[in-house]
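Q: One structure is given below, represented as structure tokens, and several questions about it will come after.
Rule-based calculations on the coordinates, nothing more; no lab input. Everything quoted here is computed from the prediction, not taken from an experiment. Every residue, glycine among them, receives a Cβ derived from its backbone with ideal geometry; neighbour counts consider all protein chains shown.
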Amino acid sequence: MSSTDFAPVPILDLSRQYATVGDEIGRAIADVCAGGRFILGREVSDFEAAFTRTTGATEAVGCASGTDALWLAMAALGVGEGAAVVTTPFSFFATVSSILRAGARPVLADIDPISFNISADAVADAVAANPDVRAVIPVHLYGQCADWDALAPLAKKHGLLTIEDAAQAFGASWSGTEAGALGDAGAFSFYPTKNLSAWGDAGLTTFRDAAAGERARALRAHGMRRRYYHDEVGWNSRLDTVQAAVLLVKMKYIAQWNEDRRSVAARYAAMFADTNLVGTVADGGIVLPTADSRGVHVWHQYVIRTPRRDELRAHLASLKIGSEIYYPVPLHMQDALQNLGYRAGQFPESEKAAREVLALPIYPELREGEQIRVVEAIQGFLR
């Protein structure tokens, strides 16, 4: 049977989610439109309230995107000119670009090779070498929280603010505390590919301190606390009421969707265990992702390490199986960030991950038969 005889297995199929909730969301959007509540309508405050209830954060402030959520966190907490912020080179560009936008200086620290999250030991080294560090931004990559048992005491010891980049981690937790409530602030993205997703760009920032949340609400609206009275220079970064309406509907289903993702991840692990593929990349095998027992993983991505990564990806594409590389170029090697002064070889674990990682299809509606095709295709290529 040729590859043309198979239906595609996309890395994400949002049409399946739409079939479940599309009509309900359509009614919610129609209600917003009928009421003319397009800017900061009641759905925004309702979503913010639901977010605080779910995460346990003190404040939740909706904004225009996950990138803006990171900037808003730093701006509201006073992290800017003259401050350095430690973060990971193995993340989406926004993690570092938001630091630059806030006027601060990014300081990079390498990752743990198992979780792909920032290494607390590397953070400690970065703080020791940079006395102007004011904050650390750990990224909860692929849906798993960074090691908060190691990072929290380190931040406390050095008096650092902690800002969670939780763009991929809504619903994840660490030792019973939800992502977004672990640090001084947390930044979320609701980009359409995320576990909890809008129908366009949208974001939200959580805060531990109520005063920081109040300042963030002003900053997202040009620094206004009263209309046309500007207490400071802010930005236009409001969460659209339409997107809040979408998110309010999806909030009712997200716990089950995340549980379904865990089931999909467990099926992958069982299927791969029945092959001869699992091993080390050096020996020609693949390395499966793991979930730290101290937290709850929401499996935003299912990312393996593999030899001949680019060839394998091309092979999967030839069989109409989707995959993606998150991320092919570490941030310190991006052309736009060369002025940070880093060089190739400086963050070896991040660079190794960038050569080896491959994200496989994962979403709540992914079917067992489709997973079998993915695993068999990888087995056929590597063995």
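Q: Can you tell me which of Gly180, Gly66, Gly22 moves the most in a GNM of the chain? Springs connect C-alpha atoms under 10 Å apart.
A: Answer for the Gaussian network model of the chain: Gly22.
Q: Hey, which aspartates and glutamates would be in cross-link range of Lys157, C-alpha to C-alpha under 19 Å, not counting anything within fewer than 8 residues on its own chain?
A: Those aspartates and glutamates meeting the cut-off are Asp121, Asp125, Asp132, Asp147, Asp149, Asp184.
Q: Test of understanding: extend the Cα→C-beta vector of Ala269 to 7 Å, then name every residue of the range 167-188 with backbone N under 18 Å from that spot.
A: Under 18 Å, as judged by backbone N against the label point of Ala269, lie 172-176 of the range 167-188.
Q: Next up: Could you give me the ³J(HN,Hα) list for the range 62-69, computed from phi with Karplus coefficients 6.51, -1.76, 1.60 and θ = phi - 60°, whole Hz, x at Gly and Pro?
A: In residue order, the calculated couplings are x, 8, 7, 6, x, 5, 4, 4 Hz.
Q: Place +1 on the Cβ of every Lys and Arg and -1 on the Cβ of every Asp and Glu in the chain, take the dipole about the Cα centre, and give the residue among Gly295, Thr95, His230 whose Cα lies farthest towards its positive end.
A: Of the listed residues, the answer is His230.
Q: Okay, next question. Can you give the net charge of the other residues whose Cβ lies under 9 Å from the Cβ of Thr88, counting K and R as +1 and D and E as -1?
A: Around Thr88, the surrounding residues sum to -2.
Q: Can you pull the one-decimal nm distance between simple spin-label points at Ala49 and Val278, each 7 Å off the Cα toward Cβ?
A: 4.7 nm
Q: State the antiparallel share, in %, of DSSP beta bridges confined to the chain, rounding to the nearest 5.
A: Bridges in the chain that DSSP calls antiparallel: roughly 60 percent.
Q: Please list, in order along the range 211-216, the HN-Hα scalar couplings obtained from phi with the Karplus expression 6.51 cos²θ - 1.76 cosθ + 1.60 (θ = phi - 60°), rounded to whole Hz, x for Gly and Pro.
A: The phi angles translate into 5, 5, x, 5, 5, 4 Hz.
Q: So, in nm, how far is label Glu376 from label Ile325 when the simple model puts each one 7 Å beyond its Cα toward the Cβ?
A: 2.8 nm
Q: A further question on this structure: Once both labels are modelled 7 Å past Cα along the beta-carbon direction, what's the Thr58-Thr290 spacing in nm?
A: The answer from the label model is 3.6 nm.
Q: Evaluate the charge dipole of the range 254-382 about its Cα centre and quote only its size in Debye, nearest 20, assuming +1 on the Cβ of each Lys and Arg and -1 on the Cβ of each Asp and Glu.
A: 100 debye
Q: A further question follows. Between Ala314 and Gln256, what is the FRET efficiency for a Förster distance of 25 Å, r being their Cβ-Cβ separation, to the nearest 0.05?
A: 0.10
Q: What residues from the range 121-154 fall in the zone where the backbone N is under 16 Å from a label point 7 Å along the Cα-to-C-beta line of Asp209?
A: It comes to 134-136, nothing else.
Q: So how do 156-165, 29-38 stack up, highest first, on mean other-Cβ count within 10 Å?
A: Descending mean neighbour count gives 156-165, 29-38.
Q: If you take the charge dipole of the chain about its Cα centre, with +1 on Lys and Arg Cβ and -1 on Asp and Glu Cβ, which of Val375, Leu160, Ala265 is farthest toward its positive end?
A: After comparing all options, I get Leu160.
Q: Near the amide H of Arg225, under 5 Å away, which other amide H atoms are found, from residues 5 or more places off or on another chain, if H is placed in the peptide plane?
A: Placed amide hydrogens put Asp231 under 5 Å from Arg225.
Q: Looking only at Ser237, Ser15, Ser65, which one moves most when the chain is put into a Gaussian network model with springs between Cα atoms under 10 Å?
A: Ser15
Q: Non-local amide H neighbours of Ile118 (under 5 Å, H modeled in plane, Pro and chain starts lacking H): which ones?
A: Distant-sequence amide H within range of Ile118: Asp112, Val139.
Q: Within 13 Å, Cβ to Cβ, of Pro307, how many net charges do the neighbouring residues add up to if Lys/Arg are +1 and Asp/Glu are -1?
A: Once all neighbours under 13 Å are counted, the net charge is +3.
Q: Need one word for the range 239-383: rounded, prolate or oblate. Basis is the Cα gyration tensor (sqrt eigenvalues a ≥ b ≥ c); a/c below 1.5 gives rounded, then a/b vs b/c decides.
A: Oblate is the answer for the range 239-383, as a/c is 1.5 or above yet b/c matches or exceeds a/b.
Q: Taking the Cα centre as origin and putting +1 on Lys and Arg beta-carbons and -1 on Asp and Glu beta-carbons, what dipole magnitude results for the range 1-146, to the nearest 20 debye?
A: The dipole of the range 1-146 has a size of about 280 debye.
Q: Right, something else. Taking the Cβ of Gly284 as the centre, find all other residues whose Cβ is under 9 Å away and add up their charges (Lys, Arg: +1; Asp, Glu: -1).
A: +1
Q: For the chain, give the magnitude of the charge dipole about the Cα centre (Cβ charges: +1 Lys/Arg, -1 Asp/Glu; no others), in debye to the nearest 20.
A: 520 debye
Q: Straight-line reach only, C-alpha to C-alpha below 16 angstrom: list the lysines that Lys194 could link to, leaving out same-chain residues fewer than 8 apart.
A: Lys250, Lys252
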